1. Given D65, D55, D51, which one is touching a Ser or Thr at 6+ places or on another chain (Cβ under 6 Å), within 24 Å of L158 (Cβ to Cβ) and modelled with pLDDT of 85 or more?
2. I'd like the full set of residues that are touching a residue at least 60 places away in the same chain (Cβ under 8 Å) and touching a strand residue (DSSP E or B) at 6+ places or on another chain (Cβ under 9 Å), limited to segment 83-116.
3. Where the second residue is modelled with pLDDT under 85 and the first is part of a loop (DSSP other than H, G, I, E, B) and lies in segment 34-61, which pairs have Cβ atoms under 9 Å and are six or more apart or on separate chains?
4. Looking only at segment 117-168, how many residues end up being hydrophobic (A, V, I, L, M, F, W, C) and either crowded, with 20+ Cβ neighbours inside 10 Å or touching a residue at least 40 places away in the same chain (Cβ under 8 Å) (or both)?
5. Within segment 22-34, is there a residue that is modelled with pLDDT of 90 or more, of a type in the set (D, E, K, R) and over 30 Å from G110 (Cβ atoms)?
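The values are calculated or read from the model by the stated rules, or taken from the named source; none is laboratory data. Predicted model, so just to flag it, every value in this text is computed and none were measured. Here the Cβ positions follow ideal geometry from the backbone for every residue, glycine too, while neighbour counts run over all protein chains shown.
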Amino acid sequence: MSSKVSRRQFLNYTLMGVGGFMVSAAAMPMIRFAVDPVLATSAGADFVPTDQKADDVTDTPVRVDFTIKDRKDAWYKSDVSNTAWVYKQGDTVVALSPVCKHLGCTVNWGADDTHPDEYYCPCHGGRYEKNGKNIPGTPPTGPLDQYEVEIVDGYVHLGKTMPNQLVK
């Protein structure tokens, strides 16, 4: 007993197969776009070299500019310029992020004439102590973030930012 497939059934099977193939072909890039960044391995705590010699760092904060090469954001690679305020606390080199915790403006050391030994945010008058602690009564809601620091061959290398460990 042989079963014959009618012309209508054959066309129905063919269209279902082609339609399923087209849907899967359209869905695969979307699924891969969503899943790939989640499964990608991160670089971890890579340190970025700076031009700042560790021996030249004093107890007065200095601005250190550095560039993160080939930073990957999903599939886009670019160089990202960054800044840190670097100083010595005893024998330890400390690096603080210049990003104000109020609205993300950039703070500068000694920029306010009335408070020369503090970080000052010109956007809304925010102030921070040398260790990054926000001064009560000014807009910042928390201390400046801190960079991981490593000394390699006499030069300061900076890692990722972390919550300030100097402020208790």
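1. D65
2. Result: A84, V86, V93, V94, A95, L96, S97.
3. A40/K72; A40/A74; A43/K72; D46/I68; T60/G110; P61/G110
4. Of the residues in segment 117-168, 8 are hydrophobic (A, V, I, L, M, F, W, C) and either crowded, with 20+ Cβ neighbours inside 10 Å or touching a residue at least 40 places away in the same chain (Cβ under 8 Å) (or both).
5. No; the residues of segment 22-34 include none that is modelled with pLDDT of 90 or more, of a type in the set (D, E, K, R) and over 30 Å from G110 (Cβ atoms).
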